[in-house]
Amino acid sequence: MLLDFSGAGVPNALSKLISSIDDENKERLSRAYLFTSVRFFLIIGVISGVLVLFFSDLISKLQGDINASLGYVFLSPAIVLSGIISCFRGYFQGHQIMYPTAVSQVVEQIIKLVCGVALCSLLYTNVCYAVAGATFSITISEAIALIFLLFLFRKKRKSFNTSDNEVDNGKFYGLKSIVKLFSPILWKKFIH
């Protein structure tokens with residue numbers, strides 16, 4: 001649930017905001033929205049990840065299997081990464097560049113499968129460790145997807161003559177608009 005919360009609705013909200021900006025200010029303001037959303041979801045992700053990390057024993061007890069706690073420990077960094085990935089996907093979608101989202105999702109799934117199978121095969125003698133390895137593959141796949149998106153963002157940024165100082169209109173520029181757009185999506189996701 002926390003993993004979903006950290007990334008739910010963000011790409012849609014950001015892409016809607018960015019696509020509505022006029023062409024003259026598009027790159028400057030879209031980067032301001034991106035940096036704001038990354039800061040905001042980094043805070044939410046870190047808080048959520050730390051909660052999962054510290055309460056992994058309690059969560060696994062409530063689910064009826066204390067042995068699952070190690071899996072939650074290895075999954076907690078993925079919560080942080082998921083929200084940041086969603087921000088970059090929304091940024092590219094707002095510019096109507098869809099291949100970063102598509103390719104990063106495919107890469108994420110392939111890495112998750114390959115690492116999951118490999119770690120389960122290596123640790124198959126202990127079921128707890130095998131499950132922890134499978135969940136750790138999620139964290140690995142999220143990290144690689146984020147690296148890929150950061151690479152594409154840096155490449156795109158070089159094509160513009162916009163400095164980072166020009167886009168930093170306050171640490172949380174446009175946060176109210178971002179939250180206003182993603183809140184209904186988040187609400188609908190968890191109610192249904």
Of all residues in the stretch 120-133, which are in contact (Cβ under 8 Å) with a residue 60 or more places away in the chain and open to solvent by 20 Å² or more (accessible area, probe 1.4 Å)?
127, 128, 131
(1) within 18 Å of residue 145 (Cβ to Cβ); (2) touching a Lys or Arg at 6+ places or on another chain (Cβ under 7 Å); (3) open to solvent by 50 Å² or more (accessible area, probe 1.4 Å) all hold for residue 77 apart from (2)
Answer yes or no: is there a residue in the stretch 58-73 that is out of contact with any Leu (no Cβ under 7 Å at 6 or more places or on another chain) and part of a loop (DSSP other than H, G, I, E, B).
yes
From 97, 110, residue being modelled with pLDDT under 95, of a type in the set (A, V, I, L, M) and open to solvent by 20 Å² or more (accessible area, probe 1.4 Å)
97
Out of (1) surrounded by 19 or more Cβ atoms within 10 Å (Cβ to Cβ); (2) within 20 Å of the chain's Cα centre (by Cα), the odd one out for residue 143 is which?
(1)
Is one or more of the residues making up the stretch 3-15 outside any helix (DSSP H, G or I), modelled with pLDDT under 90 and either under 23 Å from residue 126 (Cα atoms) or touching a strand residue (DSSP E or B) at 6+ places or on another chain (Cβ under 9 Å) (or both)?
no
Of all residues in the stretch 15-49, count the ones that are more than 13 Å from the chain's Cα centre (by Cα) and either hydrophobic (A, V, I, L, M, F, W, C) or open to solvent by 50 Å² or more (accessible area, probe 1.4 Å) (or both).
14
Within the stretch 146-162, restricting to residues that are open to solvent by 50 Å² or more (accessible area, probe 1.4 Å) and more than 13 Å from residue 104 (Cα to Cα), the one that is modelled with the lowest pLDDT is 161
The condition of being modelled with pLDDT of 70 or more, over 21 Å from residue 18 (Cα atoms) and open to solvent by 60 Å² or more (accessible area, probe 1.4 Å) holds, among 136, 190, only for 136
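The values are calculated or read from the model by the stated rules, or taken from the named source; none is laboratory data. Predicted model, so just to flag it, every value in this text is computed and none were measured. Methodologically, a virtual Cβ is constructed for each residue, glycine included, from the backbone with ideal geometry; neighbour enumeration extends over all protein chains shown. To get the accessible areas, we keep the full protein, side chains included, count just its heavy atoms, and leave off ligands, DNA and RNA. Shrake-Rupley method; radii C 1.70, N 1.55, O 1.52, S 1.80 Å.
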